[in-house]
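In what follows, a single structure is set out as structure tokens and then discussed.
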Amino acid sequence: MKPDPLLHDDTATSMTALSPSFWLGLLVFVILACALVNISRPLPILILSLLTVVAWIAVQVPLKRLVRLLPLVSFGVFCLLLLVLIPIEPDAATVELPLWGRPVPEQSARFVAALLVKSTLIVLLVTAFAERLSERDLLAGLTGLRLPPRLVALCYLMVRGVHSIRAELMRLMRAREARGKPHGMRAIRVVAAMTQMLIIRLGLRAETQAFALCARGYDGRLTITDFRCLTLQEAVTLGLAAAILLWMTTL
């Protein structure tokens, strides 16, 4: 397969002291720790929150990236409304929400709280790591972890696809704003039309990308040169960090 010029662009490579494989592996274990932690235990939640703040400060993530939490806020409001509407069984344990004064099922409230807390931590951590790793670093890191070539290609193309979705969505939103912001039922029709157009454009882009890959002799493997592999010292450090993170979830 012919090398992709994008993957050999020196400007797309972040200057990191450690290999991309180390950062990707660390991100995976931190996300795993966030997913396994029990929110009823405040100590591990506090430690993970401090690690998240330290990561944001170390990478110097712009505060405007916090806008990525808006979908989680909307989801939290939606879940809160669902909790209020859920019928309470006679023998079920209940808990009162702060500033609400109405009992809700305790099990459902714990599930929603755990989902929101873990999702927030994961989104913030992924945002911090994304500021350090470029697309080329992603491909180099996946390749350095000795993953199956087809899995590496799939993960890389999925990330590129997410960027394409964002670019197309922003283009459609700018076109909508240029024609005047719709209101009422017309807004629903406009959103439906935008969704339909987005699906069509993404399908065309995927087809074009597939033809381009086939024209370059794509055989299920994305090749990359001149990247730093995971060293033995980094592998040992990563293993220790993984053990500490997973042990921390049991505190």
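Points worth noting:
- Summed over the range 50-90, residues that are farther than 16 Å from residue 115 by Cβ, of a type in the set (S, T, N, Q) and surrounded by 10 or more Cβ atoms within 10 Å (Cβ to Cβ) total 1.
- Screening the range 233-251 for residues that are of a type outside the set (A, V, I, L, M) and surrounded by 14 or more Cβ atoms within 10 Å (Cβ to Cβ) and picking the one that is farthest from residue 48 (Cα to Cα) gives 234.
- In the set (1) modelled with pLDDT of 80 or more; (2) surrounded by 16 or more Cβ atoms within 10 Å (Cβ to Cβ); (3) out of contact with any Pro (no Cβ under 6 Å at 6 or more places or on another chain), the condition left unmet by residue 151 is number (2).
- Checking the range 184-192 against the condition returns a match, with at least one residue being without any contact (Cβ under 8 Å) to a residue 40 or more places away in the chain, of a type in the set (Gly, Ala, Ser) and surrounded by fewer than 10 Cβ atoms within 10 Å (Cβ to Cβ).
- Condition met for residue 110 (farther than 24 Å from residue 38 by Cα and surrounded by fewer than 21 Cβ atoms within 10 Å (Cβ to Cβ)): no
- Flag if residue 161 is exposed (fewer than 10 other Cβ atoms within 10 Å of the Cβ) and either in contact with an Asp or Glu (Cβ under 9 Å, 6 or more places away or on another chain) or not hydrophobic (A, V, I, L, M, F, W, C) (or both): no
- Residue 230 vs. criteria in contact with a helix residue (DSSP H, G or I) (Cβ under 8 Å, 6 or more places away or on another chain), at pLDDT below 80, surrounded by 14 or more Cβ atoms within 10 Å (Cβ to Cβ) and closer than 30 Å to residue 44 by Cα: yes
- Test: residue in the range 196-217 that is part of a loop (DSSP other than H, G, I, E, B), at pLDDT 75 or above and over 23 Å from the mean Cα position of the chain (by Cα): yes
- Selection status of residue 236, farther than 24 Å from residue 142 by Cα, out of contact with any Cys (no Cβ under 9 Å at 6 or more places or on another chain) and not basic (Lys, Arg): no
- Index of the failed condition, residue 21 passing every other in (1) at pLDDT 80 or above; (2) over 14 Å from residue 241 (Cβ atoms); (3) of a type in the set (Ser, Thr, Tyr): (2)
The values are calculated or read from the model by the stated rules, or taken from the named source; none is laboratory data. Please read all numbers here as calculations on a predicted model, not as lab measurements. Counting neighbours? That spans all protein chains shown, and the Cβs are built from the backbone with ideal geometry, glycine included.
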